[in-house]
Structure formats: C-alpha cells, structure tokens
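No value in this document is a laboratory result; all are computed from the given coordinates. Everything quoted here is computed from the prediction, not taken from an experiment. Because the Cβ atoms are built from the backbone with ideal geometry, glycine has one as well, and the counts that use them run over all protein chains shown.
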Amino acid sequence: MISLRAWRNCSVKTRVTTVASTVMALVCVFASLMLLMAAPPPPLYGSAPVLAGFIGGSLLLIAATALVTYRMMSKTLQPVRAISGKLATIQPSNLSERVPLPSHDDEFKELARAINQALERAQAAIQEQLRFASDTSHDLRNPLAAMRAEIEDSLVGREETDWAETADRLLESVERLQELVGNLLEISRLDAGVAGHHDLLNLAVLVAGELDHRQSKVRVVRRFSSGVMVNGDRIGLTRLLNNLMDNAERHAHSSVRVTVEHRGDAAVLEVHDDGSGVPPEQREIIFERFARLQEARAKDAGGSGLGLSIARQIAEDHGGALTVEDSPSGARFVARFPRPAAPASLSG
C-alpha cells in the first residue's frame, strides 16, 4: 500500500521513465532466454567474457532507455510547466493575463486554450459583479440620501414640521429601499442556483389566482386556455408574473392583456400592454440589470431596473425563455416554458 501511494505521488516523467526502463529490462531478459534456449552446444553463455558483455550491454541499454525517455518527457512537458508557472502568477486583480499557447497543435495546446477561455469567463464574471456592486450601491444610496435629507430638514424646523406628512414621504423611500433589497436578495438566490421546489402546476389557475389578488391600476383582460401545465416553482413563477404585470401597468395607457395558452410544444404566458412599446433595438437592453429606458425613468423615477432581469432569469431557470415580440401596439412580453412530458396530476 505504501509503494502504491508513493507511485501515485511520482511525477509523470518519473512514471514514464520507470515504465520504459522496466519494459526494456523485460525485453533483455526475454531475449536472453530465447538465445539460451535456441543456442546449440556449447551454449553461448559458456564463456564468461561473453556473458559479462551481454549483461553489461543490457544494463547499458536499459540506462540509455531511461535517460532518453526522461529527457524526452522533460521536453514534452515543458508547455505544462510554462502553463502552471503562468497560472501561479495570475491573481484575481489581473485576470486579463493569459497562459502561453504551445507551438504544436496537440492536447497541451487544447488545455491552454481551455484555461484561457476559463480565465476570460472568470474575468467577465468579476467585471459583471463589480458593475453590479457599483450600480447597487448607487441605487441604495439614493433612497437613503432622500431619507436623511428629509429627516435633517424636519429637525431644522421642528415646530413647523408636519410629522405625519414627513412620515408618509419617508415611508415612500423605505418602500423603495425594501423593494430594492428584495430584488437583490432574489438575484443572489438565482445567481447561486438555489432552485425552488418544482411541482406540476396549472399555469392558468396560478395566473388567475395572482391576478385576483392584485389591485391593478388599469383594466386587465384575461384570455386563458384550460390544461396549460408546467413543471415549475410556484413562488418563482408568481414573481415572474408580478414583475411583468408591474412593468405593463407602469407603461399601459388603459389596459393590459394576459394570455395563457399552448403554442406548439410550449406553455406560453403573455403580458401585453397598450403603451408605447419597446423599440426593437432596445428589446435586449431592457433585460440587463439596472437598465432603464428614458421613458421608464420619466414614468417611475423610483424603479430599480431589476424586475425584467429577474423575470427572464426565472424563465431560464425553468428551461424556458422570456422575450419581447412584435405587436401592432404596446409591448408584448412572451414567456415560454417546456410542456411536461406526461402530466400525472393537476396542482392549482
């Protein structure tokens, strides 16, 4: 057991050299036996000098094999040493550096390419996290600064301050802060890959139940098909629906249409408002975190720009997709989910 552990701890070139030397020794032994068995009397080894020369030649051949193999393996593994040496110097603060690519198109070059691609992904992820942290701190500072200014102004003129009115204004900032923190917690959960419990759900029943509990500012038109089933997390799908409805009600002129139906192999949830719509060139931008178009800022200066990003991530975590599609007027958000292969029971 000890020798096996020691063998596993040996370097690659030591292992290859040992194996090559052992093979050569076995070849020499096998050749000696063949010569001994095939030689006519008197035997070839009857002379001591001949036997000594044969043994010495065999040992020399084995040593030469070991030396050549060791040198060849050292040269072959030079790219690995260069890659590992460069990796040892790369720190989180300098992920823009890359490992050297070997000159030959072999497995080591494929390894170097894979490492560089991993470094590129890590660099992009860290940059995204830095941007996210910067945007988050900016959006957190705004309501806090508003609350502080409101409190300081109220304290300056204590006698003239209408504390009930001040409390109402502070409550608005607190609600905005609470919404932002809730969105950040949801993003952290989604980024961490924390999946909720998935059940077989009737999408139309779920959507109808949530719409019944909403106090919508505009008219909501429903168009539901029966038996639209999905495998999903009830809480996540509810969050997706509410985010889409919040966005639609913010931009709608008078009404929002909600559709649940089957289209091909997909279960579809569609939220369509009668507002001004989203320009085609900005249909992907609105799903970026903290992205807010000029019109959205004008309609709701307190929004966080995270709702649509969270909605798309929830759809993708369910194996689906969320897109903005063409419509004669307004914005039409379409969430598609894969239909269950064989629904066994219904859950509302």
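Things worth noting here:
- In a fully extended conformation the segment linking Gln117 and Gln178 would gain 18.1 nm over its present Cα-Cα distance, using 0.36 nm per residue.
- Partner aspartates and glutamates whose Cα lies under 12 Å from the Cα of Lys86, excluding those fewer than 8 positions away in the same chain, are identified as Glu97.
- At full extension, Met72 and Arg141 could sit 18.6 nm farther apart than now, given 0.36 nm per residue minus the alpha carbon distance.
- Sequence ranges 222-234, 158-170, ranked by mean other-Cβ count within 10 angstrom, highest first: 222-234, 158-170
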